[in-house]
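As structure tokens, the structure follows; a few thoughts come after it.
The values are calculated or read from the model by the stated rules, or taken from the named source; none is laboratory data. The model shown is predicted, which means the values in this text are computed figures rather than measured ones. FYI the Cβ positions are ideal-geometry reconstructions off the backbone, even for glycines, and counts take in every protein chain you see. Calculation scope for accessible area: heavy atoms of the full protein, side chains included, ligands and nucleic acids excluded. Shrake-Rupley method; radii C 1.70, N 1.55, O 1.52, S 1.80 Å.
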Amino acid sequence: MAHTGATTDVLIAGAGPVGLSAAAELCRHGVRCRLVDRLPARLPYAKAVGIQPRTLEIWDRMGLARTVLEAAAVLRGQLIYVNGRERARIDLALPPEVPYEFAVLPQYETERLLEEYVAGLGTRIERGTELLSFTQDENGVTARLRAASGAEAELRAGYLIGCDGAHSTVRKGLGLGYAGAAFAEEYMLGDVEADWDLPPGYGLRSTHHTPDGATDDLLVCIPLPGTARYRMSMLVPPELKTSNGDGGGDEDAVLHGLENGLGNDGTPKPELHHLQAVVDRLAPKPTPLSHLRWSSVFRISHRIVDRYGDGRVFVAGDAAHIHPPTGAQGMNTGIQDACNLAWKLALVLRGEAGPALLTTYDAERRPIGEEVVGRTVRHATQGIESDPDDPRTVLLREAQLLITYRTGPLATHPYGPPEAPQPGDRAPDCPGLTTPTATYPWRLLDILRNRPDHVLLLYGTDLTAISAAAKAATTRPEPPPEPPPPPITPIAILPRETTPSSPTTLPFPAYRDTTGTFAHLYGADANTPTAFVIRPDGHLGARFPLTDTPTALPAYFTTLSAMVIYGRR
């Protein structure tokens, strides 16, 4: 076996949306990474198509949102039919302060855009390269790779991230538990055009129920970019079934994803007439289908690992959790896994945080994965309309705007009104921020865009106090602590009570909350000057009185650098 001698900070196995997102975030932080994928090219299938508003916020901060929006289509809602009658119309109307709607984009297009973005940062996918095995020690990970030529080599990396799907080599190599089971049903999936007059941007869920309430027929249609194009899923007819068992709880028999239609397994795949037969039975009105781009049979399982990593090796996305596609939660949850882990790895690799910070990846993300798995299983079996929460809460949760790490190890010392965003919560976007040199208002996301590190928002009317807080945040003590604190960018947000010219009097970025929306969304009061730390993943790291910045900010960074190991198993 050859030894390449090459080293990298992080090796990422799997170049789907999750692996590409991990690479993007690591590269933005200046971390060297290698990205390998066993497939020779992207698969041309519209598998995961839903993009949540929260994912678009993450991509906005990366500077990628505009590119995605130009390729994607909007998802405005869903029509629900039962036994041929319309039962509900769900409109996906979000509060006005949320910057993005629900979007749809075929997975291969999402991967293409992410791949181009990552390539622009200097990292390219090593196609046809498979991770065979790995070992780790206290100083790094040794991975055995096989290239497309068949040649095998070893690579030394500081850390390994498994984004290699439901059949993950990394998960199996770590010996992680992956408890759960498969649904007995099999489904057809097809990318097709439908000549009907459904409202633009609306999906369709049509079911047939037996007298005892069981579902014995199903049609789900999600609109895709293009004219009359939909990704349709439905129960598979008997002649296309691929197996008789459901996989039970066998963690080595994960039945999830496409089972055929990949062109190399010899099994029959759905044809246009198979899809047409279901549409004839369940569509609101007769509808001819055409232009079938691809199709497959697929299975659904629900599983989650018992921990998201061990030592220097981690799993993310489908390698960590799989569940029904209800609500388009899977890919988006995996992307947030990747972003949560990446900034922490970057701080550790740069020597700006202690290795124990990496244990918070499991502490913060596994509870999210458990909730998503449980919720999507309930929605798949009982319908989203059966959710006991009020419609607004259901919608915000499906948009992934309610994800919080308040109970995690990094969320300490809440401050301010209890109903206001607290450490661990998503940092909300807000409009109406102005500066005298611009003739139009900005959003907070505009200000945070292309800033990969921590940001310190300083809110108050006393410009002298704000300047002192900014100086305290950016001054490095002598001698420097070990490890040194990570970089942070101070930005002033001035209440609307201040004069319009006030931002120009500060020697660092400053904006005026002209509409008062920032104060409203953040629970800020001009009479109570406050500082807000926004983490690289867009969650609040801390909030504290503005005058406490010289002590509270170092305390937050100390939490990152010298915390007690949390949740170690």
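Take the range 230-244 and flag every residue that is under 20 Å from Leu272 (Cα atoms), open to solvent by 30 Å² or more (accessible area, probe 1.4 Å) and not aliphatic (A, V, I, L, M). Write out each step before concluding.
Within the range 230-244, the first condition is being under 20 Å from Leu272 (Cα atoms), and the residues that meet it are 230-242.
Then keep just the ones that are open to solvent by 30 Å² or more (accessible area, probe 1.4 Å); that gives 231, 235, 238-239, 241-242.
Answer for the range 230-244, where residues must be under 20 Å from Leu272 (Cα atoms), open to solvent by 30 Å² or more (accessible area, probe 1.4 Å) and not aliphatic (A, V, I, L, M): Arg231, Pro238, Glu239, Lys241, Thr242.
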Only unsatisfied item for Leu292, checking (1) open to solvent by 20 Å² or more (accessible area, probe 1.4 Å); (2) out of contact with any strand residue (DSSP E or B) (no Cβ under 7 Å at 6 or more places or on another chain); (3) of a type outside the set (Val, Ile, Thr), is (2)
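Look through Pro486, Pro479 and report the one residue that is at pLDDT below 95, under 25 Å from Ala353 (Cβ atoms) and either surrounded by 15 or more Cβ atoms within 10 Å (Cβ to Cβ) or hydroxyl-bearing (Ser, Thr, Tyr) (or both).
Working: Pro479 fails: either surrounded by 15 or more Cβ atoms within 10 Å (Cβ to Cβ) or hydroxyl-bearing (Ser, Thr, Tyr) (or both).
Matching residue, one of Pro486, Pro479: Pro486.
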If we ask which residues in the range 320-356 are under 14 Å from Gln400 (Cβ atoms), in contact with a Pro (Cβ under 9 Å, 6 or more places away or on another chain) and open to solvent by 30 Å² or more (accessible area, probe 1.4 Å), their number turns out to be 0
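Would you call Val68 part of a strand (DSSP E or B), modelled with pLDDT of 95 or more, touching a helix residue (DSSP H, G or I) at 6+ places or on another chain (Cβ under 9 Å) and closer than 26 Å to Arg426 by Cβ?
Numbers: part of a strand (DSSP E or B): no; modelled with pLDDT of 95 or more: yes; touching a helix residue (DSSP H, G or I) at 6+ places or on another chain (Cβ under 9 Å): yes; closer than 26 Å to Arg426 by Cβ: yes.
The answer is no for Val68.
Would you confirm whether or not the range 444-451 contains a residue that is in contact with a Phe, Trp or Tyr (Cβ under 8 Å, 6 or more places away or on another chain), modelled with pLDDT of 95 or more and buried (at least 17 other Cβ atoms within 10 Å of the Cβ)? Give the derivation first.
As a first pass, look at the range 444-451 and keep what is in contact with a Phe, Trp or Tyr (Cβ under 8 Å, 6 or more places away or on another chain): 444, 447.
Restricting the remaining residues to those that are modelled with pLDDT of 95 or more gives 444, 447.
Then keep just the ones that are buried (at least 17 other Cβ atoms within 10 Å of the Cβ); that gives 444, 447.
Within the range 444-451, one or more residues are in contact with a Phe, Trp or Tyr (Cβ under 8 Å, 6 or more places away or on another chain), modelled with pLDDT of 95 or more and buried (at least 17 other Cβ atoms within 10 Å of the Cβ).
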Restricting the range 533-550 to residues that are over 23 Å from the mean Cα position of the chain (by Cα) and closer than 14 Å to Ile491 by Cβ, the one surrounded by the fewest Cβ atoms within 10 Å (Cβ to Cβ) turns out to be Leu546
- Item | Qualifying residue in the range 294-308 (condition: modelled with pLDDT under 95, over 22 Å from Tyr230 (Cβ atoms), outside any helix (DSSP H, G or I) and in contact with a Ser or Thr (Cβ under 8 Å, 6 or more places away or on another chain)) | yes
Self-check item: Residue match in the range 51-63 (condition: open to solvent by 10 Å² or more (accessible area, probe 1.4 Å), under 19 Å from the mean Cα position of the chain (by Cα), polar (S, T, N, Q) and at pLDDT 95 or above)
Solution: no
Condition set closer than 19 Å to Thr559 by Cα and either aromatic (Phe, Trp, Tyr) or modelled with pLDDT under 95 (or both), scope the range 411-436, selection nearest to the chain's Cα centre (by Cα): answer is Ala411
The one condition Val348 fails out of (1) within 25 Å of Ile80 (Cβ to Cβ); (2) without any contact (Cβ under 8 Å) to a residue 12 or more places away in the chain is (1)
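When you go through Asp537, Asp462 one by one, which is the residue that is in contact with a Phe, Trp or Tyr (Cβ under 8 Å, 6 or more places away or on another chain) and among the acidic types (Asp, Glu)? Full working, then the answer.
Values: Asp462 fails: in contact with a Phe, Trp or Tyr (Cβ under 8 Å, 6 or more places away or on another chain).
Asp537 is the lone residue from the list that is in contact with a Phe, Trp or Tyr (Cβ under 8 Å, 6 or more places away or on another chain) and among the acidic types (Asp, Glu).
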Residue hits (the range 375-431; of a type in the set (S, T, N, Q) and either under 26 Å from Arg61 (Cα atoms) or touching a residue at least 24 places away in the same chain (Cβ under 8 Å) (or both)) are Thr376, Thr393, Gln400, Thr404, Thr407, Thr412, Gln422
Conditions (1) open to solvent by 10 Å² or more (accessible area, probe 1.4 Å); (2) touching a strand residue (DSSP E or B) at 6+ places or on another chain (Cβ under 9 Å); (3) over 30 Å from Leu121 (Cβ atoms); (4) not β-branched (Val, Ile, Thr) -> Asp462 fails only (2)
Cβ pairs under 9 Å, 6+ apart or interchain, first in the range 301-319 and of a type in the set (Asp, Glu) and buried (at least 24 other Cβ atoms within 10 Å of the Cβ), second at pLDDT below 95 and part of a strand (DSSP E or B), ordered by first then second residue, are Asp318/Gly257
Flagged in the range 203-216 as in contact (Cβ under 8 Å) with a residue 24 or more places away in the chain and open to solvent by 20 Å² or more (accessible area, probe 1.4 Å), in numbering order, are Arg205, His208, His209
Per the list (1) modelled with pLDDT under 95; (2) in a strand (DSSP E or B), residue check on Thr559 breaks on (2)
Of those in the range 527-538 that are in contact with a strand residue (DSSP E or B) (Cβ under 8 Å, 6 or more places away or on another chain) and part of a loop (DSSP other than H, G, I, E, B), the residue nearest to Glu25 (Cα to Cα) is Pro536
Scanning the range 397-432 residue by residue, those open to solvent by 10 Å² or more (accessible area, probe 1.4 Å), more than 17 Å from Leu521 (Cβ to Cβ) and among the aliphatic types (A, V, I, L, M) turn out to be Ala411
